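The values are calculated or read from the model by the stated rules, or taken from the named source; none is laboratory data. Treat the numbers as computed from the prediction; the structure is a model and nothing was measured. Here Cβ is always computed from backbone atoms with ideal geometry, including for glycine, and neighbour counts include all displayed protein chains.
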Amino acid sequence: MPHESISVFDMFKIGVGPSSSHTLGPWRAAQRFIGSLREKGRLEGTVSVQILLYGSLAKTGKGHGTDIAIILGLKGEDPVTFAVDRVLPVLEETRDKKKLLLGGSQEIDFDPAGDLLFLYTETLPFHPNAVSFLARLDTGEQIAETYYSIGGGFVVREGEPAEGQHVIQLPFPIDTSADLLHWCRKTGLSIHEVVMENENAWRPEKETRVGVLNIWRVMKECIYRGCHAGGMLPGGLQVKRRAADLNRTLMNGRVYSDYTGWVGAIRAGGHDFRYILDWVSCFALAVNEENASFGRVVTAPTNGAAGVIPAVLQYYIAFCDGFDEEAILRFLLTASEIGSIFKKGATISAAMGGCQAEIGVSSAMAAAALTESTGGTQRQVLMAAEIAMEHHLGLTCDPIGGLVQIPCIERNTMGAIKAITASQLALQSTPDFAKVSLDAVIRTMWNTAQDMNSKYKETSDGGLAVQIPLGLSEC
């Protein structure tokens, strides 16, 4: 089996909410389909396109904005740069005009109601998140391609290997935590240093540093924006945003004008346990309220769990003197490696593994990163990740109305708090006496995922989703 090479920029992707597998993935799939038509020289001759959504993409696609994402992808827009305040208007314009500009150049007739179909009772065998694109040409020829959104914004086309298109030989190949520990012991490098050496196989170190700090820039802007935005979340559940009110309460009249001043004002409030706890919750709420509002976020490793890692990193910056570029790099590089090990050994897709694959993995990533950043040994870092996941095993994905709001937003606060607790436990423990390894808990997570009923895997067919019968308006 070929080694799967995963970069920090695979684990952390800049995109648009609310879901990495149901929004970002389908968006990328649509972009790839347009690229395929263009490569074949068939884009200009395309007269119609029909989209078929299967499985989890169909069942929760409306709540996750899958239809909007696909339309934007077919138009050739990019989730990294597209103006997020234009997301919902684009869907309305397409519905009204019943026209679509494929790849920004080829206009076709397109009615979302008839050309974008949600096949609620059909699932393809490879993965629950499947989408097929059917293009009809002016010659009468038809071109069909199927893509799978396998979690965290990763997309594979039917027939290509799940590890993707790019295989690169890394100096320190890592598939398991045992591999990671082996290279740390052999080289004497810390975990983030091993990760950086591997990243150097893709690009110069300077580019990696700039890219990782850009990831943090998007994260911190998302936190700050979310802490200052009120109102209701879209989708019909009438969920009120809470981060801004909590931020205002915790600030208690302290004044600031930008992010740096805000961090200073947070620190000025002291180090009372309840105060810090409230701030960690506020940071996580802010990110996932932005995510639920089609805001710009970073998959970490998914959109549904996008608030955990930024919240813990913001905690580290505000309360543990981590306001330093080197510290931020160390944190995010470590987190990405733990996430990649989970992806290789289990899954980061809620449609495959339930919410343990999202909040659980993000909590493990954050716990490991915080432990590395606060001086833990390599074995303590892996122990922290294990502790965090161990206490998320079996967590179901049951979004009410298919929206990434209830219970998803609050789950990010819990994942962040568990990450900090797991880190503290590991730092105060001796790994020699640990009974459970990180690799063992990853295997357990995968076994649990396979045993889990499909109604608890991002289908809204079970759990809270069927206990709260609310009438929803369209997204």
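Annotation for the range 399-412: at least one member residue is assigned to a helix (DSSP H, G or I) and out of contact with any helix residue (DSSP H, G or I) (no Cβ under 6 Å at 6 or more places or on another chain).
Inside the range 371-398, residues that are over 30 Å from Thr66 (Cα atoms) and assigned to a helix (DSSP H, G or I) make up a count of 15.
Answer yes if at least one residue in the range 232-244 is in the same structural domain as Gly295 (by TED's automatic domain parsing), of a type outside the set (Lys, Arg), surrounded by 13 or more Cβ atoms within 10 Å (Cβ to Cβ) and assigned to a helix (DSSP H, G or I), and no otherwise. Checking the range 232-244: at least one residue is in the same structural domain as Gly295 (by TED's automatic domain parsing), of a type outside the set (Lys, Arg), surrounded by 13 or more Cβ atoms within 10 Å (Cβ to Cβ) and assigned to a helix (DSSP H, G or I). On the given criteria, is Glu199 among the charged types (D, E, K, R) and at pLDDT 95 or above? Yes: the conditions hold for Glu199.
Please find, within the range 384-431, the residue that is modelled with the lowest pLDDT out of those that are among the charged types (D, E, K, R) and surrounded by 20 or more Cβ atoms within 10 Å (Cβ to Cβ). Only one residue tops the list, namely Asp398. Tell me, please, whether a residue that is under 30 Å from Trp446 (Cβ atoms), in contact (Cβ under 8 Å) with a residue 24 or more places away in the chain, assigned to a helix (DSSP H, G or I) and touching a Gly at 6+ places or on another chain (Cβ under 6 Å) can be found in the range 313-332. Yes, the conditions are met somewhere in the range 313-332.
Taking the range 440-463 as the range and being over 29 Å from Met383 (Cβ atoms), hydroxyl-bearing (Ser, Thr, Tyr) and crowded, with 20+ Cβ neighbours inside 10 Å as the test, the residues that pass are Thr459, Ser460. When Asp85, Asp111 are screened for being at pLDDT below 90 and surrounded by fewer than 22 Cβ atoms within 10 Å (Cβ to Cβ), only Asp85 passes.
For the range 256-278, the set of residues classified as among the hydrophobic types (A, V, I, L, M, F, W, C), touching a residue at least 24 places away in the same chain (Cβ under 8 Å) and out of contact with any Leu (no Cβ under 8 Å at 6 or more places or on another chain) consists of Trp262, Val263, Ile276, Leu277, listed by residue number.
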